[in-house]
């Protein structure tokens, strides 16, 4: 862990950055929700030049075992279409690029898919295979 990440974990989000804290709590909720359904966390907040992936998990019960790239979106107000609608084509392209970078670590890439966890208020919706690369 880098010094910057260590300090951020120790000190927490900067004062006044409620949006960052809200996003972190949404990811925590999504992670717990998915782990209760059998997924195993591989990496969180994978960041590369092309984009970021909130959660990278493994679904061991799938045949074959599947690597799942997950985008977590939260909206407290459905006025602009809700959380799921906020995963635009542009955002999908950034996720695909980040996934391609992540997959370079595998000699033989596993089966994979892109899921979205949409949190609207208190409701959590897990959208499997939300889009394709």
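When segment 79-99 is limited to residues that are over 18 Å from residue 30 (Cβ atoms) and touching a strand residue (DSSP E or B) at 6+ places or on another chain (Cβ under 9 Å), the one that is surrounded by the fewest Cβ atoms within 10 Å (Cβ to Cβ) turns out to be 89. Could you grab me the full set of residues in segment 39-59 that are over 18 Å from residue 127 (Cα atoms), surrounded by fewer than 17 Cβ atoms within 10 Å (Cβ to Cβ) and in contact with a strand residue (DSSP E or B) (Cβ under 9 Å, 6 or more places away or on another chain)? Within segment 39-59, 42, 43, 44, 45, 47, 52 qualify.
Tallying residues that are in contact (Cβ under 8 Å) with a residue 24 or more places away in the chain, at negative phi and outside any loop (DSSP other than H, G, I, E, B) within segment 48-57 yields 6. Every test in (1) at pLDDT below 85; (2) exposed (fewer than 10 other Cβ atoms within 10 Å of the Cβ); (3) closer than 26 Å to residue 105 by Cα is passed by residue 14 save one, and that test is (3). Whether any residue in segment 61-70 is exposed (fewer than 12 other Cβ atoms within 10 Å of the Cβ), in a strand (DSSP E or B) and either in contact with a helix residue (DSSP H, G or I) (Cβ under 9 Å, 6 or more places away or on another chain) or modelled with pLDDT of 95 or more (or both) is what I want to check. Checked against the condition, which is being exposed (fewer than 12 other Cβ atoms within 10 Å of the Cβ), in a strand (DSSP E or B) and either in contact with a helix residue (DSSP H, G or I) (Cβ under 9 Å, 6 or more places away or on another chain) or modelled with pLDDT of 95 or more (or both), segment 61-70 yields no hits at all.
The values are calculated or read from the model by the stated rules, or taken from the named source; none is laboratory data. On a predicted model such as this, the values are computed, not experimentally measured, just so you know. Because the Cβ atoms are built from the backbone with ideal geometry, glycine has one as well, and the counts that use them run over all protein chains shown.
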